[in-house]
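Shown next, in structure tokens, is the structure this report addresses.
The values are calculated or read from the model by the stated rules, or taken from the named source; none is laboratory data. Values in this document were obtained by computation on a predicted structure and should not be read as measured data. So basically every Cβ, Gly included, is an ideal-geometry build from the backbone, and we count neighbours across all protein chains shown.
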Amino acid sequence: MKTQSQKVVSFPTTKVRALVRGLCPRCRSGKIFGGFIDMNQTCPSCGLLFEREPGYFCGSLLLSHLAGMPLMVLLVGVAMLYFGPDTSLVVSTLTAIVAFAALSPILCRYGRILWIHLDQGLDPARRPPRTVRRVRTSAVDTTERAAV
Ligand SMILES: [Zn+2]
């Protein structure tokens, strides 16, 4: 028997939470990425096609670039603070480049996630209509129907 303090409170997944957790923008339960770098082609939960057309993720490169520039400036600033004022800017910049290279897969990942969420917010993909599954009858049945 659960007591009041043992109750599990589940909040509805908001758009922001789905974005941070890398979930599908339509159902907010299926993961966009199956692994760290491996991206699912469709949502495992609702079947939304993530890459809608060839070259779809070119916009995500722009988002990654826009997020990467302030991140690089921040990393150079942190390196300058870490090494102190006597260290040259070249050393701080090179250190920031190494740190940026290590963080770039995460940046690329969130650029794609943000791009999918933006695109689905502006032009949501419709769910495919339910198809009526035809049950094939045997050839004998069709000939009987034709005879009638
Ligand atoms: Zn989904």
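Cβ separations smaller than 8 Å between residues 6+ apart or across chains give the following pairs from region 33-46 residues that are in contact (Cβ under 8 Å) with a residue 12 or more places away in the chain and farther than 18 Å from L114 by Cβ to residues that are of a type in the set (G, A, S) and within 13 Å of the ligand (Cβ to nearest atom): P44/G30; S45/S29; S45/G30; C46/S29; C46/G30.
For (1) charged (D, E, K, R); (2) closer than 19 Å to L103 by Cβ; (3) at pLDDT 90 or above, each residue gets a yes or a no:
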residue	(1), (2), (3)
K2	yes, no, no
Q6	no, no, no
V20	no, yes, yes
E51	yes, no, yes
A67	no, yes, yes
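Being β-branched (V, I, T), outside any loop (DSSP other than H, G, I, E, B), away from the ligand (no atom under 13 Å from the Cβ) and surrounded by 12 or more Cβ atoms within 10 Å (Cβ to Cβ) is a property that V16 lacks.
Being away from the ligand (no atom under 16 Å from the Cβ), of a type outside the set (S, T, N, Q) and closer than 20 Å to D119 by Cα holds for only one residue in G59, G68, and it is G59.
When I32 is tested against (1) surrounded by 10 or more Cβ atoms within 10 Å (Cβ to Cβ); (2) at pLDDT below 95; (3) within 16 Å of the ligand (Cβ to nearest atom), just one condition goes unmet, and that condition is (2).
The set of residues in region 43-56 that are away from the ligand (no atom under 16 Å from the Cβ) and of a type in the set (F, W, Y) contains only Y56.
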